[in-house]
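The values are calculated or read from the model by the stated rules, or taken from the named source; none is laboratory data. Note that the coordinates shown come from a computational prediction; the quantities given were computed from them, not determined experimentally. As a convention, Cβ positions derive from the backbone with ideal geometry for all residues, glycine included, and neighbour counts pool all protein chains shown. Only protein heavy atoms, including side chains, enter the accessible area calculation; ligands, DNA and RNA are left aside. Shrake-Rupley method; radii C 1.70, N 1.55, O 1.52, S 1.80 Å.
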Amino acid sequence: MTDLFDGLADTGPSRESIADGAVLLRGFAGPIEQELTAAVRDIVARAPFRRMTTPGGYQMSVAMTNCGERGWITDHTGYRYDAIDPRTDLPWPAMPDVFRDLARSAAEQGGYQSFAPDACLINRYEPGTRLSLHQDKDELDLAAPIVSVSLGLPAIFLFGGMKRGDKPVRYRLTHGDVVVWGGPSRLAYHGVAPLAEGEHAALGRQRINLTFRKTR
Ligand code: MD3
Ligand code: FE
């Protein structure tokens, strides 16, 4: 595989351990931000952002779409991964190589070899929207990490413990930051505080988050 991040080899990227198995790579996606935002634009043109409904009947404030072999969806019947976008009745757009390569090299930096995601959930936050504390456990392969990529406006990410009641630690994630979540942190509670108002030079009044997953 060609390494998109050879330019970082001299100094090595910044690598901050935020929990057992979780590694924050500040600015890791910065060098390819334009390729990433162009790819998001292509995906959204074919699988538009939409606010999904939870099984409890609430509409999520965050808008979502997916690319890859399977996409995460929620509706009144529950949460699941599905190969078909229920809005278009078409397969989700393919995962672009620039996404796949970024996820793989970030996972490698985090100590996870050969990460092969089959799904990428794309979240769009506008000011005021939030994601309440939850665990990601709809994936069959919990040995694989999740890789997250932040683009656009900064967000306060809430990292809870293994129990819902643990007091979350707050991390500010900004444009280009990548986090690899594996090992013991894979099932940690986490969420995003309501997004503050702002305007990002490249993305405007929004934050986009990519999460790469191996679902089976
Ligand atoms: C820690 N997204 O899509 S990314 C999600 O910023 C989600 O949009 C948030 O939580 C966002 O499910 C957070 C960081 C993240 C993603 C998955 C994790 C942290 C995680 C899974 C386990 C532990
Ligand atoms: Fe999550």
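Okay, here's what the table says:
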| quantity | calculated |
| --- | --- |
| Filter result for residue 93 (open to solvent by less than 50 Å² (accessible area, probe 1.4 Å), at pLDDT 95 or above and either outside any strand (DSSP E or B) or not small (Gly, Ala, Ser) (or both)) | yes |
| Qualifying position, being closer than 19 Å to residue 66 by Cβ, near ligand 1 (Cβ under 9 Å from one of its atoms) and in a strand (DSSP E or B), among 151, 121 | 121 |
| Complete set of residues in the stretch 197-216 that are within 16 Å of ligand 2 (Cβ to nearest atom) and either assigned to a loop (DSSP other than H, G, I, E, B) or open to solvent by 70 Å² or more (accessible area, probe 1.4 Å) (or both) | 214, 215 |
| Matching residues, the stretch 168-193, being outside any strand (DSSP E or B) and either open to solvent by 10 Å² or more (accessible area, probe 1.4 Å) or within 15 Å of ligand 2 (Cβ to nearest atom) (or both) | 168, 174, 175, 182, 183, 184, 185, 186, 187, 188, 189, 193 |
| Residue within the stretch 25-45 that is over 16 Å from the mean Cα position of the chain (by Cα) and in a loop (DSSP other than H, G, I, E, B) present | no |
| When residues of the stretch 113-127 are limited to those that are in contact (Cβ under 8 Å) with a residue 60 or more places away in the chain and open to solvent by 50 Å² or more (accessible area, probe 1.4 Å), the one nearest to residue 22 (Cα to Cα) | 124 |
| Hey, residue 165 more than 16 Å from ligand 2 (Cβ to nearest atom), assigned to a loop (DSSP other than H, G, I, E, B) and open to solvent by 70 Å² or more (accessible area, probe 1.4 Å) or not | yes |
